[in-house]
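Before any comments, here is the structure.
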Amino acid sequence: MRRLKLVLALGGVIALLGSAGVAMATTGATTGYPQPKVVVPASVSTPFENRYVLTAVGSGAGIRSGEMKFEFEEGSSPEFLVGISQFYVYGPTGEIETALFTFYPFTELPGGKGLKATALKVGAAASYGQVTPDGELRMFDPEGDRVKGEMRLHGDGPWPVEFRILDEDESTGGHPPAARQLPEARPTDPGWGADAAEYEGEYELTDGAEDPTEKAGTLGAVIGVAQGLGVNGAVVTGGSMTVSGRPATAEVELQTGQEKRSFTLTGLAWQGDRRTAQVHDEGAGSPPVGRFEGTGGNGVVKGSLVSGHTLYKVEFKLK
Amino acid sequence: MILALAVGAIGLIAVAGCGGGGSSSSAGAGNSESGGGFAATAEAACAKADKQIAALGTPQQADVLEYMERTEAVIEELHRRVGAAAGDGAAEAAYVKGLATAVPVLDQMTNAARNENYDAVRELSAGLVEIHLGELAEAAELKVCAEVPVSTS
């Protein structure tokens, strides 16, 4: 009898270790993430608790294939999702490289259309055990076993993405199939409108935030620099833009307190209400450091200006 | 005998305590004598710090770490100089405490920049905003220290 108990106990331990091992090997263990500040109701997040394989992606992303899993943090209350992913990306010289991302924290998209999460990369520059924000993943509500969305990484994008939800017993065997490359649908018409007179001129920033450097004394400058950083939206307290020339370029100045940043936008293009441009931080002749993606019309241009790892949400109005 | 010594000792402690409390809670005119020396030293130190920080300009992303390291060094030096000159005034103490609070926050921001975690750099800077160092400088009647350094580039 004692021997039977010992065998049963050992069997239990082995089974437990085995299941944990499988779980960690196939999904990774999402433990240790702190409770997010914003709670997403379980009714909203539960439909996203799945394993996914990438089926289509915008060609500009340079992603060949990938898979990911969203799971509820173990023991969390209220429950919250954490996503883990592995993408295979085309390297600068054409070879395939591996890119690992964690998606956390999740929040609801406006209008209850799905979820979004910060993409946290595990990069060579990060210290052991640390991850750094590198973009954002937006997942729209599942339609059957398909989920569409958008992804923004390392200061570029957004690119459309489509995932298929894997069945419980389905596996890619560690070799997710190549995703369909979606052609870039970026505007191609030059300028920011049909008539240059409609968009050329001087603009003022209309969505400036409160100045965080006010009353900061000697610390004001470093606050101004720091608050103007980050993929999750830098603080912009003031700014201006001048659009001129043939072909048209835009000189943009953004401020956080008394700290000023200057950008030059080239390759201005439009289609319908979409407005895009390349972003340079050392003049038009310097290498592009990001993109401007937004909308425009009737003397207003608004959108996201990305420079490296920093994203500025701006809205300009023609004076 | 022992009882008398104990009572005497308690009395001395009480007197010392009262003196310390009264001094640290006072501000303004009561400290004008020591505050004058402090003000001159602090203003000179702030002017130097402002000049050093302004010379750093607004860094491009690749230079944020170097900017943070240099700024941290400047504020540490400012804290050391101002702290050494501070008298007993409450406003002076509050300003020095503000600088002391800023130093570890700047250290965390520098570490975040070292990890290229620029969102963390931004989020941590909220800790500097909360100090309201400019207001503390105004309360201590430190005009230069209340000013925000303006980049020269």
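Every number here is computed from the coordinates shown, using simple stated rules; none is lab data. Everything quoted here is computed from the prediction, not taken from an experiment. Methodologically, a virtual Cβ is constructed for each residue, glycine included, from the backbone with ideal geometry; neighbour enumeration extends over all protein chains shown.
The length gained by stretching the chain between A:S244 and A:Q35 to full extension, at 0.36 nm per residue less their Cα-Cα distance, is 70.4 nm. Report the FRET efficiency, 1/(1 + (r/R0)^6), for A:H154 and A:F72, where r is their Cβ-Cβ distance and R0 is 25 Å, rounded to 0.05. My answer for the efficiency is 0.35. On the beta carbon distance between A:K313 and A:T188, with R0 = 30 Å, the FRET formula returns roughly 0.75. Once C-alpha pairs closer than 8 Å and six or more residues apart are averaged by separation and normalised to the residue number of segment A:260-319, the relative contact order reads 23 percent. Residues in segment A:77-84 carry Karplus couplings, in order, of 8, x, 5, 9, 8, 10, x, 10 Hz; the curve used is 6.51 cos²θ - 1.76 cosθ + 1.60 with θ = phi - 60°, and Gly or Pro positions show x. Cβ-Cβ distance of A:A209 and A:A56, R₀ of 45 Å, FRET efficiency by 1/(1 + (r/R0)^6): the value works out to about 0.75.
In percent, what relative contact order does segment A:186-319 have, based on Cα pairs under 8 Å that are 6 or more apart in sequence? If you can, show how the numbers build up before the last one.
Details: 340 pairs, mean separation 36.1, N = 134.
About 27 percent, as a whole number.
The relative contact order of chain A comes to 13 percent, based on Cα pairs under 8 Å that sit 6 or more residues apart. Taking a straight Cα-Cα cut-off under 17 Å and skipping sequence neighbours fewer than 8 places away in the same chain, the aspartates and glutamates within cross-link reach of A:K148 are A:E49, A:E67, A:E108, A:E136, A:E162, A:E184. Projecting the Cα atoms of A:T55, A:Q35, A:G208 onto the charge dipole of chain A (Cβ charges, centred on the Cα centre) puts A:Q35 farthest toward the positive pole. Compactness of chain A is given as radius of gyration and Dmax, 23.3, 93 Å, from Cα positions.
For A:L109, the amide hydrogen comes within under 5 Å of the amide hydrogens of A:G114, A:L115, A:K116, counting only partners 5 or more places away or on other chains and with H modelled in the peptide plane. Against chain A, whose longest principal axis is taken from its Cα atoms, helix A:2-27 shows a tilt of about 20°.
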